[in-house]
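The structure appears below as structure tokens.
The values are calculated or read from the model by the stated rules, or taken from the named source; none is laboratory data. Everything quoted here is computed from the prediction, not taken from an experiment. Reconstructed Cβ throughout: ideal geometry from the backbone, glycine too, with neighbour counts over all protein chains shown. Surface areas here come from the heavy atoms of the whole protein model, side chains and all, with no ligands, DNA or RNA. Shrake-Rupley method; radii C 1.70, N 1.55, O 1.52, S 1.80 Å.
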Amino acid sequence: MTVTRSGFTGVIENAFSSRGFPKEASQIKYPADMFLPDSDLSPLRNKLDGLIAGLTRWEPRVTTKGVSSAGMLTVQGSNYPDALTRMNDLFLQHLWSDGLPLLPPTEERVNWILKGTDLPDDREIGEVLPRGGIATPKSLAITLAMAGGRPEYLPVLIAAVQAILDPGLKHERMNTTTNSVYPVVIVNGPVAEDVRLNSGYGCLGPDPLQPAGAAIGRAIRFVLLNLGGSVPEKTSMSIYGGPARYTGLVFAEDEAGIPETWKPLNVEQGFKAGTNTATVYAVSSTTNIPGGETGTETAVKASLNRAAGCMGIPIGNYWFATYQPEGVAGILLMGRRTAEGLSQRGWDKAKVKKYLWERAKVPTSELGPRFEIWWMPPKEILEDPMPIAVDPQGIEIVVAGGKQSGHMMWLQVGCCPKRLVTKKIDLPSNWDELMKDSVGHLGPRMPRN
Amino acid sequence: MRIRQASYLAIVACLLFWVHHGHAGTQPDAADRFTLNVFDPSGATRVTHLHADRLSDLKGVRICELSDHMWEAYRTFPLIRQLLTERYPSSIVIPYEDLPNIYGVKEKELIEAVRKAECDAAIVGNAG
């Protein structure tokens, strides 16, 4: 049985659920204050009978092994808008909503979205921790239905969830940590343009011309919330969460803007050029870095020095990356013009990474006592100044953000991925039909910026 | 005669009410005229292990303390230990300091340590 502080019963339930036990566990709850220094311990005396009962008389409600599936819910109203409002209220009461309006995951709508995959509806993709809800094409289609998604988004969502559930991402930590971390999904290949994912101006934000990222990212949040049980204060102890927890960061690399001598992200990850892929990482910030000019060698170095200055700060998140052989300190986004300018001046990706890695090192004197207590790396890794990743490969560079060179963006690692994870996106056999439907519903695709 | 008139009026009133309110009680309420059937989005979960049976009594049993060493564990567990052994003098409580810290230990190592301690039950804490 467990000795639990009030408010943490959900954490315990998910801990049991994630290990294959029924979530209801023998718990005895005490006031949270009792676990603070110099506290009054009288609740322990007062509840002794309860503690003994937890060891002797407690009975679990679930007494058989197997898979328990959620079913359908019926919501009634005076008309459709009224029923929809009641459904939104109900989903909030069950902690299944992000607080924004939901579309109803009806059978008809979910079946429509399932046209986006050739996989069987119940093919298991994995268990989303800590709760252990089973991700399947159908459960993902339900999240897309709620998020306002479309069938052609489903293959991207499936690949992104496969990447999130890969052991390299340690999603169970992302879902439970105090760190304010969220997934970033970067799509490569022609599918990005097909489904209308933004790679240019405003690619990290809302874009009515290329809206797919919002619904896919919101669906990912529902996967983490509803299948994974990552509810704030109940299981997710993330102190701030962050606005990107509504929709994540789902965008495409600007492959047309990648210099000839540079490789796209998915090729660096071991895939053939032109492959449809989703690359996922766990990040905790979006830091805008003004600049990115490359007109002269001096301007190049000034731009990179500014980036390194924003990257080389004494925060603990980096040391998750420095512990890992393939750890990545973050992803630097740069626009097409900056990448082209760097390439034209002889800066390939490796040279840029090495330059940034050298200049983003942090003197250990700036790291402070928390570093020593919590994140002190093994002596063989510790250096002064301390690099933000094991080697320059631990700084990822992605071309995105439009044609200009006005700004760069640093997506800093959050808790606690081991490495970037890339998965292939498998398109269904009816893809051409879905593309026709997309044009019929949303109009012709606009030229990419 | 007055009673008969009153009964007649009551029957008429009931009929009028019934007609006016559209057979109240046999038709759906106005708030229930539209039905929306939606999927529960919490999906399926798999139970592969069942919770252990409870002990019939704590007399003479061995109880392991499993702790994260945080949140005043150094005060709470000794008191729990004291209270339990006062109530059940024949029981033995293995202090958490004699077992691995659950924060960071590998699951298999922890299970093995509990098995080695020959515990009949475990109290896991603290606070989380």
Complete set of residues in the range B:80-95 that are open to solvent by less than 20 Å² (accessible area, probe 1.4 Å) and of a type outside the set (V, I, T): B:L83, B:L84, B:S91
Selection from the range A:43-63 of residues that are within 7 Å of chain B (Cβ to nearest Cβ), open to solvent by 50 Å² or more (accessible area, probe 1.4 Å) and within 16 Å of A:T9 (Cβ to Cβ): A:W58
Number of positions in the range A:131-145 that are away from chain B (no Cβ under 11 Å) and either open to solvent by 60 Å² or more (accessible area, probe 1.4 Å) or touching a strand residue (DSSP E or B) at 6+ places or on another chain (Cβ under 9 Å) (or both): 0
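Return yes when A:D40 is under 30 Å from B:T76 (Cα atoms), part of a helix (DSSP H, G or I) and either open to solvent by 80 Å² or more (accessible area, probe 1.4 Å) or touching a residue at least 60 places away in the same chain (Cβ under 8 Å) (or both) and no when it is not.
Judged against the criteria, A:D40 is not a match.
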In the range A:233-282, the residues that are touching a residue at least 60 places away in the same chain (Cβ under 8 Å), of a type in the set (G, A, S) and either part of a helix (DSSP H, G or I) or surrounded by fewer than 16 Cβ atoms within 10 Å (Cβ to Cβ) (or both): A:G241, A:A244, A:A256, A:G257, A:G270, A:G274
Filter result for the condition that a residue is under 20 Å from A:K423 (Cα atoms), surrounded by 22 or more Cβ atoms within 10 Å (Cβ to Cβ), away from chain B (no Cβ under 14 Å) and touching a Lys or Arg at 6+ places or on another chain (Cβ under 9 Å), over A:E152, A:E193, A:E127: A:E152
Selection status of A:D121, part of a loop (DSSP other than H, G, I, E, B), closer than 30 Å to A:N430 by Cβ and either open to solvent by less than 10 Å² (accessible area, probe 1.4 Å) or not small (G, A, S) (or both): yes
Enumeration of residues in the range B:45-67 that are more than 7 Å from chain A (Cβ to nearest Cβ) and crowded, with 17+ Cβ neighbours inside 10 Å: B:V61, B:I63, B:C64, B:E65, B:L66, B:S67
Exclusive hit being within 20 Å of B:D40 (Cβ to Cβ), among the aromatic types (F, W, Y), open to solvent by less than 50 Å² (accessible area, probe 1.4 Å) and within 8 Å of another protein chain (Cβ to nearest Cβ), set A:F35, A:F91: A:F91
Selection status of A:L144, more than 23 Å from the chain's Cα centre (by Cα), closer than 28 Å to A:G20 by Cα and in contact (Cβ under 8 Å) with a residue 24 or more places away in the chain: no
So B:P95, is it touching a Phe, Trp or Tyr at 6+ places or on another chain (Cβ under 8 Å) and more than 9 Å from every other protein chain (Cβ to nearest Cβ): yes
Long-range neighbours under 7 Å by Cβ, at least six apart or interchain, first residue within 13 Å of chain A (Cβ to nearest Cβ) and closer than 19 Å to B:H69 by Cα within the range B:103-128, second open to solvent by less than 30 Å² (accessible area, probe 1.4 Å) and of a type in the set (G, A, S): B:G125/B:S67; B:G125/B:A73; B:N126/B:S67; B:N126/B:A73
Residue tally, condition part of a loop (DSSP other than H, G, I, E, B) and open to solvent by 10 Å² or more (accessible area, probe 1.4 Å), over the range A:317-327: 3
Scope the range A:62-97; condition under 25 Å from A:A135 (Cβ atoms), in a loop (DSSP other than H, G, I, E, B) and out of contact with any helix residue (DSSP H, G or I) (no Cβ under 6 Å at 6 or more places or on another chain); matching residues: A:V62, A:T64, A:K65, A:S69, A:A70, A:G71, A:H94, A:L95
When residues of the range A:1-15 are limited to those that are more than 8 Å from every other protein chain (Cβ to nearest Cβ) and either more than 11 Å from A:Y30 (Cα to Cα) or of a type in the set (A, V, I, L, M, F, W, C) (or both), the one surrounded by the most Cβ atoms within 10 Å (Cβ to Cβ): A:N14
